[in-house]
Amino acid sequence: MSLFRAASHQNSDLSKLDGKKISLDNTLTILSFVILIIVVVIPMTMIVYNTFFFKGKLDTRLFNEIIANPENISAMRNTIIVAFWVTLFGTIIGVFFAWLLGRSDIPLKGMMRSMFTIPYMFPPFFGAMAWDLLLSPRGGYFNKWFMNLTGMKTAPININSLGGIIFVETSYYFPFVFMQVVSALERMDPTLEESARIAGAGQGYVIRKITLPLVRPAISAGAFLILISSLSHFGVPSILGFSQNIFTLPTKIYQLISRASGEFQGIREGAALSVLLVIVVMLALILQKIVLKSGRYDIIKGKSMRPMLIKLRKAKYPLLILSFASLFVIVVVPLVMIFLVGLLKAYGLSLTPNNFTFNNYKNVLFESKMVKDSIFNSLFLSISAGLICMFLGVMVAYVINKIKPYGKGLLEIISVLPYSIPGMVLAIGVILAWSGAFGINLYNTIWIILIAYIARYLAFSMKSASASLQQVHYSLEEAARSCGASHMQSLTDVTVPLIRPAMVSGFFLIFLPAMRELTTSVLLYGPFTRTLGVAIYSLKTDGNLVQASALASFTILLIIVCNALVRFITKDRKGV
Amino acid sequence: MASVKFENITINYGKKNIIKNLSMDIRENEIMGLVGPSGCGKTTLIRALCGFIKPVTGNIYLNDHLVYSQEKRINIPPEKRGIGVVFQDYAVWPHLSVWENVVYPMKKHKVPKDEIQKRATYALEQVRMTGYERHMPSQLSGGQQQRVAIARALVSSDELIILDEPITNLDAKLREKMIIEIQMIQKKIGTTIIYITHDQETALKLCNRISIMEPDGTLVQIGTGEEITKTPKNRFVFTFIGVTNFIPIIEKNGSWYFNVDDEIEFSHNMPAGYLKGKKNVMGIRPTDIMFDESSKIKGKIAHSVFLGDQYDYFVQLGSKELRIQRNSFDIASGREYNEGDIVGLSFLHPYYFEDTKEASL
């Protein structure tokens, strides 16, 4: 009874307020647009502007020069060659192992499966470092050993080549296809295959004509992930290619920018080249849209079913040995190599226990200020980028999914755009936008890296929050409103608690990759703002291989601990 | 004990018009049934009343206080309107226990603690959910969740409660019980209740008055269940209330004929209720068609179905198949009717409606 009277007394006040007070919905919408414009739109625009305009006038000379430069043309050719072969090999390997684990009766599946996802956790440039230590033509341990053994004068395997780059990238990117296809195979209705067998089709025929076509959408989705990641990949080609003057577009951009050492002309050149890279990636994205649109099958169900397992019979143990051999090469060798070299007194000494020491660890972890700074910086950046993106992602997802203002499609595109844009390009945009162009100079500070991280990772938390918000029906919030909760209270009492698991996982989706980020920070770091990835990279390029390895080992341990932590936390909350 | 008044309400979703110029009064202390087929805008209208969507035109009054007005730019937020709502999908918060769900509205209204305890316990008792206080909604069946939602609505307002298809998920027995329960609660507290449903039978049992909405969102008729049953305003209402037969009628030289391929004369005088100068259709309930040996109107029983307490006969009259229902008891004490029999028919309470294309359902 009292409620109504209270309402009626406030009638006049509320009517005055209405239309003048900006509602919560409008505030959130405007805020989302403003933040995304600052973080995403301005840097992107700055790249295009600086490429095609000079001193306020349209000037395509720079872009034409950059395109015509033979060095850049060869970089572009290398980029495409590497991406093509990595995609091809990665897809074949991914599909093969996915089928082996998803559909055959090969033993030790659980163990192999978790091992196959290990490359997923580590930055590929760790692998490149490890293989460089083993197979570089002059100092590589394997090459030296083999040359001693056979008396050959030249190294048998040269990892510092396009082939080497393709090999290392493949070993880190095939899990994209592997994981997509394995989950598709597991969700596929097994009766589709069984009915083919009953109809008289042989084993091989079923695989070719039934199984593969059914998982084709998953295969192409994974393959395009590989293609796009590989096109904009920086770490591996920079570690393996620089010494032999093999450049891809991302490494060429890096070279231009770092050679410029802050000079505007060099940054402009980098920007122009990055426009070229964006064009290549966009072409791949368009192709992806076209391919993924066609050929969706509805027979892959959400439920998991017990699939029909194919008996490998005689092929079982050869295939098992092959799998373990591949796992050994892809996963174990690089990891062991990094750990062992991290223990060495000096690079080049033989890998025997009397040459081992913990000094490198002591040096990097306790004595080097640069490394200590970098650990602190990476922690600070990952945690703050994770937290900011978590809240920002929820806000943007809320605006897109619940408020649905005019231009929500645009908002969605802006927020996921940086996900497809190479990190290198994003970094240049951030430099162009926030080193004085608008009166704010953040260059060489940690804040410029933070802005780049936020732009780069926002899509992760936004997507995670979006998926979760779509499950929260309108009526849950409305029920709170009609129970007397204000709009803000309905958010804090109902919506936010319901999507909390997605927020937590959104945080870790950002925290983990940000901890080992290299591509973006390598262009943005200043004297005191190295990140962990940059610190390892600089140690390695300075030739301090043992300390680089020690720090990399430490990072690997850190990542493993964090991953275990995430698993523990997310497992705990599954019931919510 | 609130009254509600809608004035000239028009609601659009984007460019699509849902409700046009609707006006309606809901009196204090009544159970008003808002009935119409799915998708006719019942829920939309109620969401406007709750303050979740803004009508394009019109005013909404609660107890003579303006809570929404387009012209005067008044829009009281939902939490200040003090309406208890049971949502179609229950909207029981999955992260809160049954008890936390039920006490939430009272906490927001700053009800004293011991009062909260008392009212929540009482409300749970009324919906027969005592003992489930610590349960999480995921541990409850659909029907139980619905009852939690009802309890939550009961404690959140003693002025006006809106029930949006609140008992559709309960089994038949429990549904009967809940109908009685809702009536008892209403009598005891005197809360005004708006009851939304597409199920006319429940509405007729439960509601003091019923508003019937057409599929396009217009309000056709408001009245007591009796009024609506006895004097349906148009063909739509007549169909909506129960099973019907429609027979096209034509008038020729002062006689009236069933127009069923053959023209069968049935009256020399203008039938009561006949709409002169319009194309007419006769509406008649299956129970209002009698087997009458003396009638000149003859039909042939195509088939019959025994349904326990009643027989359903499908009788061919010209090209039209009529449905006729007879009480099993009456049939047992009279003559037997078999498939293929020719029977005389008389028509007890015919209604006449204009025969329009759109109205033919």
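Values in this text are rule-based calculations from the coordinates and carry no lab data. Here the structure is a predicted model, which means the values were calculated and not measured. No Cβ is skipped: glycine too gets one built from the backbone with ideal geometry, and neighbour counts run over all protein chains shown.
A few comments on the model shown:
- Dividing the Cα radius of gyration of segment B:225-361 by 2.2 N^0.38 Å, with N the residue count, gives 1.06.
- Long-range HN-HN contacts of B:ILE210 with modeled amide H, under 5 Å: B:GLY33, B:GLY223, B:THR224, B:GLY225
- Residue-averaged 222 nm ellipticity for chain B, from DSSP H runs of 4+ at -39500 (n - 2.57), nearest 500: -7500 deg cm²/dmol
- With contributions of -39500 (n - 2.57) from each DSSP H run of at least four residues, the per-residue ellipticity at 222 nm computed over chain A stands at -22500 deg cm²/dmol.
- Whether segment A:481-576 is rounded, prolate or oblate, judged on the alpha carbon gyration tensor where a/c under 1.5 counts as rounded: oblate
- A viscosity of 1.567 mPa s and a temperature of 4 °C, combined with the Kirkwood radius over Cα pairs in Stokes-Einstein, give a translational diffusion coefficient for segment B:125-265 of 72 µm²/s.
- Neighbours of B:GLY277, meaning other residues whose beta-carbon lies under 11 angstrom from its beta-carbon, give a summed charge of +1 when Lys and Arg score +1 and Asp and Glu score -1.
- For the pair segment A:324-392 and segment B:53-80, the centres of their Cα atoms are 64 angstrom apart.
- Spacing of the two label points (7 Å from each Cα toward its C-beta) at A:LYS57 and B:ILE297, in nm: 9.4 nm
- Environment charge of B:ILE31, counting only residues whose C-beta is closer than 12 Å and scoring Lys/Arg +1, Asp/Glu -1: +2
- Rounded to the nearest 10 degrees, the angle from helix B:113-126 to the longest Cα principal axis of chain B is 20 degrees.
- Charge-dipole axis of segment A:165-247 as Lys and Arg at +1 and Asp and Glu at -1 on Cβ define it, positive-most pick from A:GLN180, A:ALA196, A:THR211: A:ALA196
- Above-threshold pairs, the threshold being 26 Å between Cα atoms, out of B:LYS5/B:LYS187; B:LYS5/B:LYS279; A:LYS404/B:LYS80: B:LYS5/B:LYS279
- Convex hull volume per residue for chain A, taking Cα atoms only, in Å³: 201 Å³
- Cβ neighbours within 10 Å from other chains - mean over B:60-71: 2
- If R0 is 45 Å, the Cβ-Cβ spacing of B:GLN117 and B:LEU307 corresponds to a FRET efficiency of close to 0.35.
- Unit charges on C-beta of K, R, D, E only; dipole of segment B:250-331, Debye: 320 debye
- Ordered from longest to shortest, the equivalent ellipsoid semi-axes for chain B are 46, 26, 15 Å, each the square root of 5 times a Cα gyration tensor eigenvalue.
- Pair B:HIS268, B:ARG27: separation of 7 Å Cα→Cβ label points (nm): 4.6 nm
- Along each principal axis, taking the top coordinate minus the bottom one, the Cα set of segment A:92-134 gives 37, 21, 17 Å in descending order.
- Proximal lysines relative to A:LYS55, as straight alpha-carbon distance under 26 Å, when same-chain residues fewer than 8 apart are discounted: A:LYS252
- Here the dipole of chain B is about 1440 debye; that uses its Cα centre as origin and unit charges on the Cβ of Lys and Arg (positive) and Asp and Glu (negative).
- Counting only chymotrypsin sites (Phe, Trp or Tyr not before Pro) that DSSP places in a loop and that have at most 15 other Cβ atoms within 10 Å, the longest clean stretch of chain A runs over A:1-296.
- 21 Å Cα-Cα reach of A:LYS144 towards lysines, excluding residues that sit fewer than 8 places from it in its own chain: A:LYS153, A:LYS345, A:LYS540
- To the nearest ten degrees, helix B:172-189 and the longest principal axis of the Cα atoms of chain B are 60 degrees apart.
- Spatial separation of Cα centroids for segment B:1-47 and segment A:417-471, in angstrom: 47 Å
- Note on B:ARG134/A:PHE339: beta-carbon distance plugged into 1/(1 + (r/R0)^6) with R0 of 45 Å gives a FRET efficiency of 0.30.
- One chain, two ends: A:LEU558 and A:ASN69. Fully extended at 0.36 nm per residue, the span grows by 171.8 nm beyond their Cα-Cα distance.
- Label-reachable residues, segment B:215-239, where backbone N falls under 20 Å from a point 7 Å from B:LYS278's Cα toward its Cβ: B:215-223, B:227-239
- Each 5 Å bin from zero up to the one holding the largest Cα-Cα distance in segment A:502-554 carries the following percent of pairs: 5, 20, 23, 21, 15, 8, 5, 2, 0.
- Ordered by the count of other Cβ atoms within 10 Å of each Cβ, fewest first, A:SER114, A:SER468, B:SER156 give A:SER114, A:SER468, B:SER156.
- In terms of distances greater than 28 angstrom between alpha carbons, the cross-link table entries B:LYS42/B:LYS320; B:LYS252/B:LYS298; A:LYS463/B:LYS54; B:LYS54/B:LYS118; B:LYS42/B:LYS278 yield B:LYS42/B:LYS320; A:LYS463/B:LYS54; B:LYS54/B:LYS118; B:LYS42/B:LYS278.
- Segment A:488-525 and segment B:254-300 have Cα centres spaced 74 Å apart.
- Considering only B:GLY242, B:VAL148, B:CYS207, and ranking their Cα positions along the charge dipole of chain B that arises from unit charges at the beta-carbon of Lys, Arg, Asp and Glu, the one farthest toward the positive end is B:VAL148.
- Positive-end ranking of B:ILE189, B:GLN325, B:PRO77 along the dipole of chain B, with charges on Cβ about the Cα centre, is headed by B:PRO77.
- Qualifying GluC sites (Glu not before Pro) in segment B:316-357, where qualification requires a DSSP coil assignment and no more than 10 other C-beta atoms within 10 Å, comprise B:GLU336.
- Sparsely packed trypsin sites (Lys or Arg not before Pro) within segment B:72-160, loop by DSSP, other Cβ within 10 Å at most 13: B:LYS72, B:ARG73, B:LYS110, B:ARG134
- Dimensions (Å) - segment A:70-115, Cα atoms, principal axes, largest first: 52, 16, 8
- Debye equation applied to the C-alpha atoms of segment A:305-356, log10 I(q)/I(0) at 0.22, 0.29 Å⁻¹: -0.84, -1.00
- Counting neighbouring beta carbons within 10 Å and listing from fewest to most, the residues B:TRP93, B:TRP99 come out as B:TRP99, B:TRP93.
- Computed from point charges on the beta carbon alone (+1 for Lys and Arg, -1 for Asp and Glu), the dipole magnitude for the protein assembly as shown about its Cα centre is near 3040 Debye.
- Spatially proximal lysines relative to A:LYS316 (Cα-Cα < 18 Å; intrachain offsets below 8 disregarded): A:LYS109
- Radius, Kirkwood style, for segment A:78-153 when every pair of distinct Cα atoms is counted (Å): 15.4 Å
- Computed over the alpha-carbon atoms, segment B:299-361 gives an Rg to Rh ratio of 1.04, Rh here being the Kirkwood radius from the mean inverse distance.
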